[in-house]
1. So is ALA73 outside any loop (DSSP other than H, G, I, E, B), among the aliphatic types (A, V, I, L, M) and within 13 Å of CYS109 (Cβ to Cβ) or not?
2. Where the second residue is assigned to a helix (DSSP H, G or I) and the first is hydrophobic (A, V, I, L, M, F, W, C) and lies in the stretch 32-51, which pairs have Cβ atoms under 8 Å and are six or more apart or on separate chains?
3. Which members of the stretch 98-126 meet the condition of being surrounded by 15 or more Cβ atoms within 10 Å (Cβ to Cβ) and not β-branched (Val, Ile, Thr)?
4. Counting just the residues of the stretch 52-74 that are more than 15 Å from HIS33 (Cβ to Cβ) and out of contact with any strand residue (DSSP E or B) (no Cβ under 7 Å at 6 or more places or on another chain), which one comes out surrounded by the fewest Cβ atoms within 10 Å (Cβ to Cβ)?
5. Could you please let me know if ILE24 is modelled with pLDDT under 95, closer than 24 Å to ALA126 by Cα, among the β-branched types (Val, Ile, Thr) and loosely packed, with under 15 Cβ neighbours inside 10 Å?
6. Test HIS33 against the criterion of being of a type outside the set (S, T, N, Q) and not in a loop (DSSP other than H, G, I, E, B), and give yes or no.
7. Could you count how many residues in the stretch 93-115 are under 19 Å from LYS39 (Cβ atoms) and either outside any loop (DSSP other than H, G, I, E, B) or not aliphatic (A, V, I, L, M) (or both)?
8. Are there any pairs, at least 6 apart or on different chains, whose C-beta atoms fall under 7 Å, with the first in the stretch 84-102 and within 15 Å of PHE54 (Cα to Cα) and the second of a type in the set (Asp, Glu), and if so, which?
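The values are calculated or read from the model by the stated rules, or taken from the named source; none is laboratory data. Note that the coordinates shown come from a computational prediction; the quantities given were computed from them, not determined experimentally. Using ideal geometry, Cβ is built from the backbone for each residue, glycine included, and neighbour counts are taken over all protein chains shown.
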Amino acid sequence: MAEGRGSASMNMVIVISLLCILVIAKNTNAETHIVGGPKGWTFGMVSWPNGKTFKAGDVLVFNYNAKIHNLVAVDENGYKRCKTPAGAQVLRTGNDEIELASGPNYFICNVPGHCQTGMKISINVA
């Protein structure tokens with residue numbers, strides 16, 4: 001009976017080791033994207049994602065002047081209407097990093113008039 005327990009313990013160690021390898025492999029495949037390139041998160045961003053490839057786990061870096069802009073992750077309705085949903089977190093650091101999830105990812109600046117002037121992006125991660 002002691003042999004069975006040792007075998008089960010060894011199997012558990014192997015499973016945990018494989019999970020650790022998968023987590024490390026996922027992180028090494030992630031890319032970092034500076035939103036807006038050198039000019040950063042600003043007006044006219046709607047087309048910035050065009051032609052770029054994004055994967056789940058990639059990181060978007062939003063660099064902006066925190067005195068005049070902010071960042072909010074919103075749903076599709078919030079993106080289309082430039083409205084911040086109740087309870088949404090408004091980021092104001094000027095250097096925010098967001099990990100992309102599978103599916104649609106929407107971001108806006110909710111300072112009045114900014115989203116309407118194109119300070120928003122939509123990224124669909126397959």
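1. Judged against the criteria, ALA73 is a match.
2. Between residues of the stretch 32-51 that are hydrophobic (A, V, I, L, M, F, W, C) and residues that are assigned to a helix (DSSP H, G or I), the close pairs are PHE43/THR117; TRP48/GLY37.
3. Of everything in the stretch 98-126, those that are surrounded by 15 or more Cβ atoms within 10 Å (Cβ to Cβ) and not β-branched (Val, Ile, Thr) turn out to be LEU100, ASN105, TYR106, PHE107, CYS109, ASN110, HIS114, CYS115, GLY118, MET119, LYS120, SER122.
4. Result: LYS67.
5. For ILE24, the condition - modelled with pLDDT under 95, closer than 24 Å to ALA126 by Cα, among the β-branched types (Val, Ile, Thr) and loosely packed, with under 15 Cβ neighbours inside 10 Å - is met.
6. Taking the combined requirement at face value, the residue satisfies it.
7. Qualifying residue count, the stretch 93-115: 12.
8. Cβ pairs passing all conditions: LEU100/ASP58.
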